[in-house]
Protein chains: 2
Amino acid sequence: MDDTRWLTDAERDVWRTFITMVGAFGDHLDKQLQRDSAMPYTYYEILVVLSHAPGRALRMSELAGLRGASRSRLSHAVSRLEEAGWVERRECPTDKRGSIAVLTDEGFAALAAAAPGHVTTVREALFDRLTPEQVAVLGQISVAVLDGLDPDKCLPGNRELG
Amino acid sequence: MDDTRWLTDAERDVWRTFITMVGAFGDHLDKQLQRDSAMPYTYYEILVVLSHAPGRALRMSELAGLRGASRSRLSHAVSRLEEAGWVERRECPTDKRGSIAVLTDEGFAALAAAAPGHVTTVREALFDRLTPEQVAVLGQISVAVLDGLDPDKCLPGNRELG
DNA sequence: ATCGGGTAGTTGAACACTCAACAGCGACGA
DNA sequence: TCGTCGCTGTTGAGTGTTCAACTACCCGAT
């Protein structure tokens, strides 16, 4: 009664290499940002998204949607970023339920200071190690997998600051 | 004074798609295992590695090395797995500093029960969505990136149970 | 023998994320 | 007007990870 479609040996090799790479790569990214800029990668991404928004401000739920994060997670994160002086909360004028996260000048400066090291890490650990063809295929793979995970969003490109 | 090699537009698109995919895919994996088998993915992997070891037992540091985890993380994790009755700690006969993690029969049963759902999730979310060529390139990419992250290990294949 | 440096593993605090519950507000219909 | 329902955002508890000590032990050198 086992109708599970197990992985072939070749698939298993790819799978284990892939999942190990993803873990090690994520650790590498996080450690660099934590060491050089005292922020975890997820917080960096929040600052990036805010920095691209008009007025460097976004409703909490929009911010959560753009980053694929839960409202709870974002609320906790913004509280931390507020303590650091990088983000402020404002009331939403059109909807009293809402609250708006605004990137402060300090937050933008912290982001600008963190970006070169982060982008360099990404380049050295990823793009410099791949051929242009591999990069192209990686993009196709990512889109294909993402499409399968749900009726998805957050693909529209965010410009600048990697 | 900016000698940072920034990403091109095309690279940035690939990067954002890739990092979003990795996050969403990891969440997907974790949620499935947590929901169906009450364990996080990292614990599943510990059980997998133990199940392949001779006698289903490994020194803590070997286990940590094989899974790319810190000793601290592994120690906490094994404590949890011990509470669940899935792993036991034994003293190491040849080195009194050491301790040995042993997979219990219950732990093996839990792993066997969790494996089909997990493998099915991996297949549906990843392999079923890619062409054989893309899978092959994904393997190459993973090896290339992993090679760059440090004088690496943990590539030797682990057989069975995905 | 024992001293010193390195290794193995554990611990507790701090941090990040999840989950479930909650309060507050908007929108729509009776 | 008044409910009701759904949405927004926050909160606190529980879980997992990291970091920095710390203990206990092995090993090699003097």
Practice task
Considering each residue of the stretch B:88-101, count those that are away from DNA strand D (no atom under 13 Å from the Cβ) and not charged (D, E, K, R), and give that number.
Solution key: 2
Problem - Long-range neighbours under 7 Å by Cβ, at least six apart or interchain, first residue at the interface with chain B (Cβ under 8 Å from one of its Cβ atoms) within the stretch A:110-137, second part of a helix (DSSP H, G or I) and small (Gly, Ala, Ser) - result: A:Ala125/B:Gly148; A:Arg129/B:Ala144; A:Arg129/B:Gly148; A:Leu130/B:Ala144
Exercise for the section: Could you grab me the full set of residues in the stretch A:1-45 that are of a type in the set (A, V, I, L, M, F, W, C), buried (at least 17 other Cβ atoms within 10 Å of the Cβ) and within 16 Å of DNA strand D (Cβ to nearest atom)? Expected result: A:Ile19, A:Met21, A:Val22, A:Ala24, A:Phe25, A:Leu29, A:Leu33, A:Met39
Exercise for the section: Please state which one of A:Glu91, A:Glu106, A:Glu83 is touching a strand residue (DSSP E or B) at 6+ places or on another chain (Cβ under 9 Å) and either free of Cβ contacts under 8 Å to residues at least 12 places away in the same chain or open to solvent by 80 Å² or more (accessible area, probe 1.4 Å) (or both). Expected result: A:Glu91
Exercise for the section: Kindly provide the set of residues from the stretch A:47-68 that are open to solvent by less than 20 Å² (accessible area, probe 1.4 Å), within 14 Å of chain B (Cβ to nearest Cβ) and within 12 Å of DNA strand D (Cβ to nearest atom), ordered by number. Expected result: A:Ala64
Practice task
Could you tell me whether any residue of the stretch B:9-23 is part of a helix (DSSP H, G or I) and away from chain A (no Cβ under 14 Å)?
Solution key: no
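The values are calculated or read from the model by the stated rules, or taken from the named source; none is laboratory data. Keep in mind that this is a model prediction, so the values were computed, not measured. Cβ coordinates were reconstructed from backbone atoms using ideal geometry, including for glycine residues, and neighbour counts include every protein chain displayed. Heavy atoms of the whole protein, side chains included, go into the accessibility calculation; ligands, DNA and RNA do not. Shrake-Rupley method; radii C 1.70, N 1.55, O 1.52, S 1.80 Å.
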